[in-house]
Amino acid sequence: MASLSKPDAPRFDVDVFQNEYLAQGAQEVNAIVTVTATGGGTSGGRPIGAPGPDAAVVLVIDCSGSMEHPGSKMRHAREATAAAIDELRDGVAFAVVAGTHEAVDVYPGGGRLETADRDTRERAKDALRRLTPSGGTAIGTWIARAQQLFASRPGASIRHAVLLTDGRNEHEKPADLQRALDAAAGYFTADCRGVGTDWEVAELRRIASALLGTVDIVAESAGLADDFRAVMSATMGKQVADVALRVWTPANARVRFVKQAAPAFEDLTDRRTPAGTRAADYPTGSWGDESRDYHVCVEVPAAAVGSEMLAARISLVLPHPDGTAEVLGQGLVRAVWTDDLASSTRINPQVAHYTGQAELADSIRVGLEAHRAGDLARAGAELGTAVRLAYASGNEGTLKLLRKVVDVVDEREGTVRFRKNVSEADSMTLETRSTKTVRVKK
């Protein structure tokens with residue numbers, strides 16, 4: 001374990017879990033890297049009420065015509081946004097945007113952000129009361145508008161958006177949304193929420209993934225306020241932004257993949273940016289008091305029995321505009337070749353656990369796709385595998401969601417019967433939350 005944080009800054013600890021022993025000729029090294037940040041969020045070293053970093057928040061609320069069906073949906077969206085505004089810390093810059101086939105500033109207006117205090121919160125909530133649903137849905141314009149608003153406050157170190165929608169992105173081309181995501185990625189983070197069941201899980205996950213945020217479903221709009229309150233509370237706990245996982249490998253070695261494994265799966269492999277000789281950075285977004293796990297897989301040249309090498313050096317870094325980077329924590333991944341069969345075939349518990357969790361998420365995805373295609377036999381088989389894996393790993397949350405979609409005959413064996421009448425809300429909730437993982441049981 002290594003931590004190199006400054007005494008007055010949040011502390012980052014890096015722990016590496018692996019079986020470093022490889023059989024003769026083996027070339028793949030797997031490690032779970034646990035990163036823990038303490039002292040910088042809501043539960044660590046910063047006292048409640050103490051000043052936080054410069055932060056900016058943009059709340060983007062779907063105001064398209066579909067938000068008036070049922071009539072309570074828009075009212076609940078206004079109430080949820082008001083609840084989020086109440087969670088804003090004094091001094092945080094914020095704005096509210098109404099999203100339709102265009103993006104309109106609701107508060108404060110004029111393409112700028114306002115500073116949160118008692119008076120501005122009340123004025124923002126008053127502006128919310130005048131929101132009415134009309135028009136279409138073009139999420140790319142919402143994201144572009146949020147980016148413009150963040151740019152009006154260049155000194156903000158934490159930039160975060162919350163995006164709520166109830167429908168599909170039907171009023172712009174997919175390429176338009178992609179251009180907006182490409183421009184915003186790395187500039188601000190965003191949590192996405194889908195209310196009801198008329199939106200597309202894959203579409204909203206794509207947005208949240210690009211912006212290093214979370215995605216979830218609020219099937220009943222009455223639950224929006226509690227969800228928004230929790231999202232904003234977590235955002236106010238963020239203390240360090242734009243942190244990267246830097247992976248250095250020696251000559252003739254290469255990184256096969258880097259994936260966030262907990263609290264949810266996120267493949268970071270294709271987001272690498274060069275960071276000097278034989279090193280690359282993978283974005284992790286903003287941090288408060290929290291712990292995350294990453295699965296790093298490195299391919300190394302085969303070596304003779306008895307050989308040892310440093311397969312990778314994993315660092316948590318805070319890049320600076322001048323090209324330098326502050327190292328916040330560091331861990332080492334080793335490779336040792338042995339002819340001891342017991343050592344080389346032992347799978348590290350953390351690696352095995354998250355490999356199973358990845359298979360669990362894939363089984364749910366394939367099973368639900370098969371069900372939508374009418375292949376109930378394939379759906380039952382895949383979701384049965386998901387039940388078995390969820391039970392084995394202790395993922396009670398996912399197991400509970402699976403039970404709403406299939407009748408479980410035997411958890412241990414994964415024997416299930418697919419229900420004929422599964423609600424769209426239960427199916428979408430399982431799909432949305434399928435990438436959430438549980439930590440290794442101690």
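Loop-only GluC sites (Glu not before Pro) in segment 299-351, please: DSSP not H, G, I, E or B, and at most 13 other Cβ atoms within 10 Å.
Listed in order of number, the matching sites amount to none.
Would you work out if segment 118-233 is rounded, prolate or oblate? Take a ≥ b ≥ c from the square roots of the eigenvalues of the alpha-carbon gyration tensor; rounded if a/c is under 1.5, else prolate when a/b is larger than b/c, oblate otherwise. Intermediate results must be reported in sequence, preceding the final value.
Details: a/c = 1.40, a/b = 1.05, b/c = 1.33.
Verdict is rounded for segment 118-233.
Can you bin the chain into rounded, prolate or oblate? Criterion: square roots of the alpha carbon gyration tensor eigenvalues sorted a ≥ b ≥ c, rounded for a/c under 1.5, prolate for a/b above b/c, oblate for the rest. List each step's numbers first, then the result.
On the way: a/c = 2.10, a/b = 1.28, b/c = 1.64.
The shape class here is oblate.
Largest first and in whole Å, give the semi-axes of segment 247-362's equivalent ellipsoid, each being the square root of 5 times a Cα gyration tensor eigenvalue. Walk me through the intermediate numbers first.
Values: eigenvalues 134, 84, 30 Å².
Those come to 26, 20, 12 Å.
First measure r as the distance between the Cβ atoms of Glu122 and Ala230, then evaluate 1/(1 + (r/R0)^6) with R0 = 22 Å and state the FRET efficiency to the nearest 0.05. Write down the numbers at each step before the final one.
On the way: r = 22 Å, r/R0 = 1.01.
About 0.50, to the nearest 0.05.
Could you tell me how many degrees, from 0 to 90 and to the nearest 10, lie between the Cα long axis of helix 224-236 and the main elongation axis, the longest principal axis, of the Cα atoms of the chain?
Approximately 60 degrees, to the nearest 10.
Taking the Cα atoms only, what angle lies between the long axis of helix 139-151 and the longest principal axis of the chain, rounded to 10 degrees?
Taking Cα atoms only, the helix is inclined about 90 degrees.
Taking the dipole about the Cα centre of the chain, with the C-beta of Lys and Arg at +1 and of Asp and Glu at -1, give me whichever of Ala151, Gly397, Ser209 is farthest to the positive side.
Gly397
Going by average Cβ neighbours within 10 Å, how do the peptides 86-98, 409-421 rank, with the highest at the top? Write out the running numbers ahead of the final one.
Values: 86-98: 21.2, 409-421: 13.9.
Top to bottom by mean Cβ count within 10 Å: 86-98, 409-421.
Under the rule a/c < 1.5 gives rounded, and otherwise a/b versus b/c splits prolate from oblate, where does segment 304-378 land using the Cα gyration tensor? Working shown, then result.
Details: a/c = 4.03, a/b = 1.37, b/c = 2.94.
It comes out oblate by the Cα gyration axes.
In terms of modelled amide H atoms, which long-range or inter-chain residues lie less than 5 Å from the amide H of His69?
none
Could you tell me the relative contact order of the chain? Use alpha-carbon pairs under 8 Å, at least six residues apart, and round to a whole percent.
Details: 998 pairs, mean separation 83.8, N = 442.
It comes to 19 percent, rounded to a whole number.
How far, in degrees from 0 to 90, does helix 72-87 lean away from the longest principal axis of the Cα atoms of the chain, to the nearest 10?
70
For a 23 Å ceiling on Cα separation, which of these pairs sit above it: Lys400/Lys420; Lys73/Lys436; Lys238/Lys400? Don't skip to the end; give the middle numbers.
Working: Lys400/Lys420 18 Å; Lys73/Lys436 27 Å; Lys238/Lys400 30 Å.
With Cα atoms farther than 23 Å apart: Lys73/Lys436; Lys238/Lys400.
Give the long-range amide H neighbours of Val215: residues separated by 5 or more places, or on another chain, with amide H under 5 Å away, using H modelled in the peptide plane at 1.01 Å from N.
Cys192
Counting only protein heavy atoms and a 1.4 Å probe, tell me what percentage of the chain's accessible area is made up of carbon and sulfur.
49
Using a 7 Å offset from Cα along Cα-Cβ at His69, what residues in segment 180-212 end up with backbone N under 19 Å from the label point?
194-201
Could you give the dipole magnitude of segment 61-195 about its Cα centre, charging the beta-carbon of Lys and Arg +1 and that of Asp and Glu -1, in debye to the nearest 20? Mind showing how you got there, number by number?
Working: 18 positive and 19 negative charges, 14 e Å.
Charge dipole, segment 61-195, about its Cα centre: 60 debye, nearest 20.
What is the antiparallel percent of DSSP beta bridges lying wholly in the chain, to the nearest 5?
On the way: 64 of 91 bridges.
Bridges in the chain are about 70 percent antiparallel.
Under the Karplus relation 6.51 cos²θ - 1.76 cosθ + 1.60, θ = phi - 60°, what is the ordered set of whole-Hz ³J(HN,Hα) values for segment 181-193, x standing for Gly and Pro?
5, 4, 6, 8, 4, x, 9, 8, 9, 8, 9, 10, 10
At 1.4 Å probe size, with every protein chain present, just tell me what the per residue accessible area of the chain comes to in Å².
Averaged over the residues of the chain, the accessible area is 44 Å².
If Lys and Arg each add +1 and Asp and Glu each add -1, what is the summed charge of the other residues whose beta carbon sits under 12 Å from the beta carbon of Ala56?
With Lys, Arg at +1 and Asp, Glu at -1, the net is +3.
What's the whole-number percent of alpha carbon pairs in segment 372-423 lying beyond 15 angstrom? Before the final figure, lay out the partial values.
Details: 486 of 1326 pairs.
Result: 37 percent of Cα pairs exceed 15 Å.
Loop-only trypsin sites (Lys or Arg not before Pro) in segment 293-355, please: DSSP not H, G, I, E or B, and at most 14 other Cβ atoms within 10 Å. It would help to have the intermediate numbers written out before the result.
Working: sites: Arg313, Arg334, Arg346; in loops: Arg346.
When the trypsin sites (Lys or Arg not before Pro) of segment 293-355 are filtered for loop state and at most 14 Cβ neighbours within 10 Å, Arg346 remain.
Name the long-range amide H neighbours of Val240: under 5 Å, sequence gap of 5 or more, or other chain; modelled H, no Pro or chain starts.
For Val240, the qualifying residues are Trp287.
The values are calculated or read from the model by the stated rules, or taken from the named source; none is laboratory data. A quick note: this is a predicted structure, and the numbers were derived from the prediction, not measured. Heads up, the Cβs are rebuilt from the backbone with ideal geometry, glycines too, and the neighbour counts pull from every protein chain shown. SASA here: full protein model, heavy atoms, side chains in, ligands and nucleic acids out. Shrake-Rupley method; radii C 1.70, N 1.55, O 1.52, S 1.80 Å.
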